[in-house]
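Visitor: Structure below; questions to follow.
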Amino acid sequence: MKRMTLLIIISLSLLSLINGSSDFSTIFNRFELKFDQYVEDIAFEDINEDQLKDIFLFTKVNDKKELHLFFQSKHGFSLTPSQTLAFEDKAIIFDVANLLDQYPGKEIVFLTSSALKSYCFQNGSYSREPIKLMDISSLFQFPSPESPVRSKFIWNIGGETYLFIPAPGSLKILGKNKNETFGEIQQIHLEPIFSVRSHLRISEDLETYESFSQKVIIQVPRLYLEDFNGDGRKDLLSLFEDKIKVFYQHENKIFSEEPNFELELGVLTDEEKKSSSPPFYKVLAMDLNNDNLIDLLASKSQIRTMKSLSKLYIYLNKKGKIEPTPDQILVNESFFGFPEVLDVNGDHYQDLVISEIKMGLFQIFKMLLTKKITYEDVIFLGKNGRFPLIPASRIRSEVIVDFDNPEKSEGDVAFFNGDFNRDGIKDVLRKIEGKNEITISLGRLEGKDLKFSDKATYLIKEELSSRVILEDLNQDNVTDLVLDFRKDKKKKIVIFLSK
């Protein structure tokens, strides 16, 4: 009996040691995809709707712009592209959507200065030549050096597909006619903002910046399609800086042409607006309290002489009404960018992950002398749209800064949006720069506290990229890992795909 007990204890100890430093190969298969060209952009999309996300890689050599498509199978990814598609020279923005019923899978839909066109997916690959869906004018008149850029302008609402096309002074909404062709349904008064040329690019939504000519860039409000007034229909919300406009969708599926609700939050005071170094701020819209209505979250941070100050403003939706006075303000004597908003503990309420950095005159001098930046990732668990003053967990990190060559800086970078054991609780992935290591510490709940394993459950020794992407590529509820070497100019990506 004693011998059996001793064997059990030894077995459990050995299991603990194995779990403390198991190699990624126990749960992941590794794929390394290399390319001859520099990769401009990367995206993940289930093209053939087989519940497996495929990979889009956009490359540009001189004027030659191509999409390299890697289709995922049950065995993973091939090391060479499944198909390379040359983009039409006049393409400006594109999106991927199931637009045409006569073709299986999803189409690559793009806008030129005068037309809407599509590459169609059939018999396992895309057509070499696009088909024209309709003639249309839009805001986008000239391809830029960065074009085509992936931008979200196609949405599915109630089982039907709609296209939202920005035009000068309005937003055009297209839908299917009775003969299955696309036509304009309505126009909404929603003006873009023009300004001087910028080096910044647009992201995956029509939200920030893109230079569509040699001299002018266009700022387009961020668009959301969410229920705002609690009638079960998707409304259109536009958000630009801290100003929101809401256009209700009616029973006939038509949106109001003028806003039904408008609000300017006034995140910056008049004094802050006039400041030579105004605070950094950002506003996002999301459902914070799991009532299926979209709320607002604003963040404001500023570095001051003695110490920094940051504030988070929570605005909850009361069935179609958001008050200009916040429902909650969280104050923090540190500097941070916009918090990461996600459900960390699996209770369907949004939580906050904030990277706090103590920044004042003393800390700046200390950083310059030691070349070290110390910060904490702080997790606040939300409930019904409210957040406690005391965080559920703190994780400390340190970065050694190389001011002459920032790319050679070393230290820990933590990621919180991965679940590597299917328990619904987010785990911590650490990229340990300088050691070429990545570790995973599993998360667990102990009462109201959020704990992460002291010893890493998984360890990988791997050349690290400047960018790490966490995605569930094979839709098995285990997060996969992508090391993106685009900015490192190594012309490859490395994928760790869960088994």
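The values are calculated or read from the model by the stated rules, or taken from the named source; none is laboratory data. If you're wondering where the values come from, they're calculated on a predicted model, not measured in any experiment. Glycine also receives a Cβ, built like all others from the backbone with ideal geometry; neighbour counts cover every protein chain displayed. Quick note on the areas: whole protein, heavy atoms, side chains included, nothing else; ligands and nucleic acids left out. Shrake-Rupley method; radii C 1.70, N 1.55, O 1.52, S 1.80 Å.
Visitor: Quick check on segment 390-499: what are the equivalent-ellipsoid semi-axes from the Cα gyration tensor, as sqrt(5λ), descending, whole Å? Intermediate results must be reported in sequence, preceding the final value.
Guide: Details: eigenvalues 126, 75, 21 Å².
Equivalent ellipsoid semi-axes, largest first: 25, 19, 10 Å.
Visitor: Related question: So what is the accessible area of segment 62-173 per residue, in Å², with the probe set to 1.4 Å? Numbers along the way, then the final one.
Guide: Numbers: 4620 Å² over 112 residues.
For segment 62-173, the solvent-accessible area averages 41 Å² per residue.
Visitor: Sorted by average packing, counted as other Cβ atoms within 10 angstrom per residue and highest first, what order do 33-40, 491-498 take?
Guide: Working: 33-40: 15.4, 491-498: 19.8.
The peptides rank, most packed first, as 491-498, 33-40.
Visitor: Label Ser25 and Lys90 with points 7 Å out from Cα along Cα→Cβ: what is the distance between them in nm?
Guide: Here the answer is 5.3 nm between the modelled labels.
Visitor: Can you tell me how much longer the chain between Glu437 and Lys492 gets when fully stretched, taken as 0.36 nm per residue apart minus their C-alpha distance, in nm with one decimal?
Guide: Working: separation 55, 0.36 × 55 = 19.80 nm, distance 1.84 nm.
In short, 18.0 nm is gained.
Visitor: What does the extension gain come out to for Asp476 and Thr374, with contour length at 0.36 nm per residue minus their alpha carbon separation?
Guide: Details: separation 102, 0.36 × 102 = 36.72 nm, distance 3.57 nm.
Additional length available on full extension: 33.2 nm.
Visitor: Local charge sum around Phe71 (other residues, Cβ-Cβ under 15 Å, Lys/Arg +1, Asp/Glu -1)?
Guide: Net local charge, Phe71 excluded: -2.
Visitor: Right, here's the next one. No solvent, one uniform scatterer per C-alpha: report log10 I(q)/I(0) for segment 88-148 via the Debye equation at q = 0.26 1/Å, two decimals.
Guide: Rounded to two decimals, the profile gives -1.08.
Visitor: While we're on this one: Say each of Leu284 and Arg386 gets a label point 7 Å from the Cα, pointing the same way as Cα to Cβ; how far apart are those two points in nm?
Guide: In this crude label model, Leu284 to Arg386 measures out at 2.3 nm.
Visitor: Another question, if that's okay. Take the solvent-accessible surface of the protein heavy atoms, probe 1.4 Å, and return the percent of it on segment 65-115 that carbon and sulfur atoms account for.
Guide: 51
Visitor: Related question: Would you please put 79-91, 233-245, 177-189 in order of how densely packed they are, using the mean number of other Cβ atoms within 10 angstrom per residue and starting with the highest?
Guide: Working: 79-91: 15.2, 233-245: 20.0, 177-189: 12.6.
Final packing ranking: 233-245, 79-91, 177-189.
Visitor: If each residue of separation counts as 0.36 nm, what is the full-extension length gain between Lys455 and Glu271 once their alpha-carbon separation is subtracted?
Guide: On the way: separation 184, 0.36 × 184 = 66.24 nm, distance 4.82 nm.
Full extension from Lys455 to Glu271 adds 61.4 nm.
Visitor: Can you tell me the alpha carbon radius of gyration of segment 62-171 divided by the globular rule-of-thumb value 2.2 N^0.38 Å?
Guide: On the way: Rg = 14.8 Å, N = 110, 2.2 N^0.38 = 13.1 Å.
Compared with the compact-globule rule of thumb, segment 62-171 sits at 1.12.
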